[in-house]
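Let me begin by presenting the structure, written as structure tokens, before commenting on it.
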Amino acid sequence: MSELTTGSRPKEHGNPSGKHELILTERGVKEQLTILERPAGLAGDFLVYETAVSAGAFPVGPLPAQVVEREGLRFPPGLAYDAEGRNFPLERWVANSDGGQRLYTGVALSLLEQVIFPLTIDPSINIGGHTADGQAWGQSSVYATARATSFGVDSAGSELLVGQIYDSSIPRYYVYRSFLKFDLSSIDANAEILSATLGLVCTTDLSTLADFDLQVVKQNWSGQDPLADANREAAYDNCLSDALDVAWRNTSGLSTGVQYFSPPLDASYLTPGGTAYFSLRSSRDKNNTPPSGSGNEYIRLASANHGTPAYRPVLVVDYATIFPVAAKLAIPAVTIAMPDTRIKLRARKRSTSLSTTVRSQNG
């Protein structure tokens with residue numbers, strides 16, 4: 001059973017306007033909860049989606065932001081997003097209740113003031129970055145040479161550098177490009193990936209000389225995995241030449257220590273059960289624009305080796321599982337016209353309700 005609540009003792013305040021749906025796609029079924037408008041009479045710290053789980057399934061208290069696994073079951077935190085496509089973080093914790101347990105997935109009430117309704121809570125899977133990520137850079141007194149020829153590589157550091165530098169005292173140009181890897185083996189190879197976004201955290205913003213777009217590149221650098229001196233040149237060159245996926249964000253107004261998510265990535269680039277490779281470059285590097293003076297125009301991002309787990313890169317994937325095929329039937333070829341390939345089913349007899357209660361995070 002699932003219900004929408006806030007704040008420890010259930011107190012019914014009426015049914016907030018919302019809907020709980022099973023959505024049938026041409027490849028499978030996904031589930032989502034949509035809140036059509038801000039519920040009235042809220043109290044406490046979080047608006048939560050409550051799910052009953054078996055007794056002793058999890059330790060009581062806050063759950064980590066990563067995917068939680070138990071006896072083959074996965075409990076991802078998912079994402080909440082509003083009508084303008086903005087993502088809002090979810091937090092989770094567990095409390096004992098009536099001989100069982102309740103898993104609470106919540107949006108902070110303070111964030112609801114920023115929401116443009118409807119707000120959708122969508123189960124997803126978070127995939128952490130692989131420690132084989134890394135960076136390569138070029139350096140030379142000639143900008144064209146620094147941009148075209150790698151000089152070094154690092155696949156063990158806690159930070160990833162993206163951008164450019166010009167040090168007039170040497171003089172020397174530096175160009176930094178970085179590489180990300182995500183293991184998608186936890187997703188069934190027969191599933192369909194519906195959407196994905198990339199979450200990154202800037203640890204140091206040194207784009208003082210010029211702001212730039214940090215570009216996410218669809219670069220399959222599996223041929224250079226693991227990154228090393230012997231293969232760094234191919235990885236470095238292909239980061240510049242391969243196709244842009246999305247711009248993660250511009251460095252203007254960038255805050256350090258904050259996880260920002262990219263716009264939706266090209267889902268067709270991702271293979272369920274496989275490995276996802278991306279690279280990162282500066283838009284000024286891509287446009288062959290050297291630093292305008294002596295100084296820095298780069299940022300440092302947390303890598304998968306960073307000491308703070310919440311800072312590490314994350315790929316948030318929304319996917320639908322496919323019904324297993326028990327048998328194949330010979331069906332005559334027919335032409336079927338369908339105005340929409342996504343069909344929404346409402347579970348009328350499902351034990352689901354929307355309500356508001358008072359619950360504190362300490363259970």
Residue pairs qualifying under the 8 Å Cβ cut-off, at least six apart or on distinct chains, with the first in region 139-153 being within 11 Å of residue 173 (Cα to Cα) and the second being buried (at least 17 other Cβ atoms within 10 Å of the Cβ) and aliphatic (A, V, I, L, M), are 139/146; 139/175; 140/146; 146/175; 147/175; 147/240
So residue 221, is it in the same structural domain as residue 188 (by TED's automatic domain parsing), in contact with a helix residue (DSSP H, G or I) (Cβ under 8 Å, 6 or more places away or on another chain) and surrounded by 18 or more Cβ atoms within 10 Å (Cβ to Cβ): yes
How many of the residues making up region 89-108 are surrounded by fewer than 17 Cβ atoms within 10 Å (Cβ to Cβ) and in contact with a Ser or Thr (Cβ under 8 Å, 6 or more places away or on another chain)? 1
For region 198-220, the count of residues that are within 20 Å of residue 298 (Cβ to Cβ) and either assigned to a helix (DSSP H, G or I) or touching an Asp or Glu at 6+ places or on another chain (Cβ under 7 Å) (or both) equals 8
Find the residue count for region 162-175, including only residues that are surrounded by fewer than 24 Cβ atoms within 10 Å (Cβ to Cβ) and part of a strand (DSSP E or B). 6
I'd like to verify a number: residues in region 244-272 that are loosely packed, with under 15 Cβ neighbours inside 10 Å, farther than 25 Å from residue 189 by Cα and aliphatic (A, V, I, L, M), how many? 3
Would you be able to tell me the number of residues in region 101-131 that are at pLDDT 75 or above and over 16 Å from the mean Cα position of the chain (by Cα)? 19
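Hey, can you tell me all the residues within region 180-196 that are in a strand (DSSP E or B) and buried (at least 21 other Cβ atoms within 10 Å of the Cβ)?
Taking region 180-196 and keeping what is in a strand (DSSP E or B), we get 180-183, 192-196.
Listed by number, the residues that qualify are 180, 181, 182, 193, 196.
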Across region 197-218, which residue is modelled with the highest pLDDT among those that are surrounded by 19 or more Cβ atoms within 10 Å (Cβ to Cβ) and hydroxyl-bearing (Ser, Thr, Tyr)? 207
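Among the residues of region 234-246, is there at least one that is modelled with pLDDT of 95 or more, over 23 Å from residue 146 (Cα atoms) and touching a Ser or Thr at 6+ places or on another chain (Cβ under 7 Å)?
Initially, region 234-246 is screened for residues modelled with pLDDT of 95 or more, giving 234-246.
Filter again for over 23 Å from residue 146 (Cα atoms), leaving 245-246.
Narrowing further to those that are touching a Ser or Thr at 6+ places or on another chain (Cβ under 7 Å): 246.
Within region 234-246, one or more residues are modelled with pLDDT of 95 or more, over 23 Å from residue 146 (Cα atoms) and touching a Ser or Thr at 6+ places or on another chain (Cβ under 7 Å).
Here's the yes/no breakdown for (1) over 26 Å from residue 202 (Cβ atoms); (2) among the charged types (D, E, K, R); (3) surrounded by 23 or more Cβ atoms within 10 Å (Cβ to Cβ):
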position: 128; (1), (2), (3): no, no, no
position: 135; (1), (2), (3): no, no, yes
position: 142; (1), (2), (3): yes, no, no
position: 152; (1), (2), (3): no, no, no
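So that you can scan it fast, the table gives a plain yes or no per residue for (1) over 27 Å from residue 90 (Cβ atoms); (2) in a loop (DSSP other than H, G, I, E, B); (3) in contact with a helix residue (DSSP H, G or I) (Cβ under 9 Å, 6 or more places away or on another chain); (4) among the hydrophobic types (A, V, I, L, M, F, W, C):
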position	(1), (2), (3), (4)
248	no, no, no, yes
256	no, yes, no, no
265	no, yes, no, yes
285	yes, no, yes, no
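The values are calculated or read from the model by the stated rules, or taken from the named source; none is laboratory data. None of the values given here were measured: they were computed from a predicted structure. We place every Cβ from the backbone using ideal geometry, glycine too, and count neighbours over all the protein chains shown.
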